[in-house]
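Trainee: Please read through the structure below; I'll follow up with questions.
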Amino acid sequence: MKIIQLTDTHLMPPGSPAYHMDPEAQLRAALADITARHGDADLLVITGDLCNHGDPEAYALLRDLLADLPFPVQLLLGNHDDRPNFIAAFPKHPLDANGYVQDWRDTPFGRLIFLDTHGAGVIGGIFDADRMEFLDDALRGAGALPVTVFVHHPPIGDGIRHFRDISLHDEGRLIARLAAHGPGVRHIVFGHIHIPMAGTSPEGISYSSGQACSHRFITDLDSPTPDWTGGNPCYRILMLDELGLRAFMAEAGQPVLSRATLCTGP
Ligand SMILES: [Fe+2]
């Protein structure tokens with residue numbers, strides 16, 4: 001199956017910039033590219049920081065932009081979001097029994113699990129006992145299926161100085177619970193850090209982030225105050241099938257310089 005990941009769209013009310021960029025124009029361009037090239041996708045997942053300040057007007061804009069897409073959409077909250085305003089704008093979006101924006105979907109290639117790490121007024125992520133109840137149930141229900149996890153905050157140590165104090169504040173409980181899932185974790189897909197990153201946790205779980213759709217960092221592991229930059233809207237194509245899981249980075253608006261010649265081997 002083909003899953004499209006967008007992350008950190010940071011929408012503002014119409015016409016308002018964020019970080020010297022136009023997040024609405026970025027998302028419109030990304031969605032146009034996605035629907036043109038990947039209209040066959042099975043699912044679009046936006047892994048949080050949907051809106052920059054969580055304004056009702058920004059969520060209304062997001063709802064409009066996502067209307068009429070040819071595939072289902074799963075939305076996650078990030079630290080910039082506002083849960084009550086999100087729920088008001090998307091009243092049919094699934095919530096767990098405790099009211100968090102958490103959900104799962106079964107596929108022929110394992111269970112997809114979507115987690116909510118938003119905490120009002122907190123830049124880092126929260127994943128406390130009442131959210132863990134959902135994850136426990138989702139993992140138990142997965143039975144012999146492997147899982148693929150979508151979450152805004154990376155549940156692993158990323159080693160990036162800027163994010164040292166604004167990571168997931170869970171003392172490793174989430175990754176430990178995932179590592180205990182016998183059938184395995186195919187991958188953890190996240191956003192938050194506004195740079196592309198891929199790795200493997202000490203428990204042997206692979207993970208990666210998508211590049212932000214809007215503003216992003218110039219990659220800098222050491223500075224507490226790295227520089228923001230812009231660029232073409234980015235998204236990822238996640239292929240989950242008999243080959244496992246592969247993540248492909250894509251960006252809208254790339255110029256074509258020439259076409260490749262046909263390579264027939266050897
Ligand atoms: Fe963000």
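The values are calculated or read from the model by the stated rules, or taken from the named source; none is laboratory data. Computed from a prediction, not measured in an experiment: that's the story for all the values here. FYI the Cβ positions are ideal-geometry reconstructions off the backbone, even for glycines, and counts take in every protein chain you see. With ligands, DNA and RNA removed, areas are computed over all heavy atoms of the protein, side chains included. Shrake-Rupley method; radii C 1.70, N 1.55, O 1.52, S 1.80 Å.
Each row is one residue, and each column tells you yes or no for (1) under 13 Å from the mean Cα position of the chain (by Cα); (2) β-branched (Val, Ile, Thr).
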residue	(1), (2)
177	no, no
183	no, no
191	yes, no
199	no, no
202	no, no
205	no, yes
219	no, yes
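Trainee: Next up: From the list 49, 33, pick out the single residue that is closer than 20 Å to residue 210 by Cβ and part of a helix (DSSP H, G or I).
Mentor: Numbers: 49 fails: part of a helix (DSSP H, G or I).
Exactly one of 49, 33 is closer than 20 Å to residue 210 by Cβ and part of a helix (DSSP H, G or I), namely 33.
Trainee: Quick one: residue 221 ticks every box in (1) in contact with a Phe, Trp or Tyr (Cβ under 9 Å, 6 or more places away or on another chain); (2) touching a residue at least 60 places away in the same chain (Cβ under 8 Å); (3) farther than 17 Å from residue 47 by Cα except a single one, so which number is it?
Mentor: (1)
Trainee: Follow-up question, since we're still on this one. Restricting to region 52-79, name every residue that is assigned to a strand (DSSP E or B) and within 16 Å of the ligand (Cβ to nearest atom).
Mentor: 75, 76
Trainee: Is at least one residue of region 22-35 closer than 21 Å to residue 197 by Cβ, touching a residue at least 12 places away in the same chain (Cβ under 8 Å) and buried (at least 24 other Cβ atoms within 10 Å of the Cβ)?
Mentor: There is at least one residue in region 22-35 that is closer than 21 Å to residue 197 by Cβ, touching a residue at least 12 places away in the same chain (Cβ under 8 Å) and buried (at least 24 other Cβ atoms within 10 Å of the Cβ).
Trainee: Tally time: how many residues in region 81-119 are of a type in the set (A, V, I, L, M) and not in a loop (DSSP other than H, G, I, E, B)?
Mentor: Step one: of region 81-119, the residues of a type in the set (A, V, I, L, M) are 87-89, 95, 97, 101, 112-113, 115.
From what's left, not in a loop (DSSP other than H, G, I, E, B): 87-89, 112-113.
Residues that pass the stated criteria total 5.
Trainee: Of all residues in region 218-247, which are of a type in the set (Phe, Trp, Tyr) and more than 21 Å from residue 1 (Cβ to Cβ)?
Mentor: 228
Trainee: Specify which of the listed residues (69, 77) is open to solvent by less than 30 Å² (accessible area, probe 1.4 Å) and in contact (Cβ under 8 Å) with a residue 24 or more places away in the chain.
Mentor: Going through 69, 77 in turn, the sole match is 77.
Trainee: Can you tell me how many residues within region 104-122 are open to solvent by 30 Å² or more (accessible area, probe 1.4 Å) and under 30 Å from residue 182 (Cβ atoms)?
Mentor: The initial filter retains those residues of region 104-122 that are open to solvent by 30 Å² or more (accessible area, probe 1.4 Å), namely 104-106, 108-109, 120-122.
Next, only the ones that are under 30 Å from residue 182 (Cβ atoms) stay: 104-106, 108-109.
Total meeting the criteria: 5.
Trainee: In region 252-266, which residue that is free of Cβ contacts under 8 Å to residues at least 40 places away in the same chain and closer than 18 Å to residue 235 by Cα is surrounded by the most Cβ atoms within 10 Å (Cβ to Cβ)?
Mentor: Looking at the filtered set, the residue picked out is 254.
Trainee: Which one is nearest to the ligand (Cβ to nearest atom), of the residues in region 9-41 that are among the charged types (D, E, K, R) and in contact with a strand residue (DSSP E or B) (Cβ under 8 Å, 6 or more places away or on another chain)?
Mentor: First, pick out the residues of region 9-41 that are among the charged types (D, E, K, R): 22, 24, 28, 33, 37, 40.
So of that shortlist, the ones also in contact with a strand residue (DSSP E or B) (Cβ under 8 Å, 6 or more places away or on another chain) come out as 24, 33, 37, 40.
Values: 24: 16, 33: 20, 37: 24, 40: 28 Å.
Out of the qualifying residues, it is 24.
Trainee: Evaluate region 237-247: report whether one residue or more is part of a loop (DSSP other than H, G, I, E, B) and within 21 Å of the chain's Cα centre (by Cα).
Mentor: no
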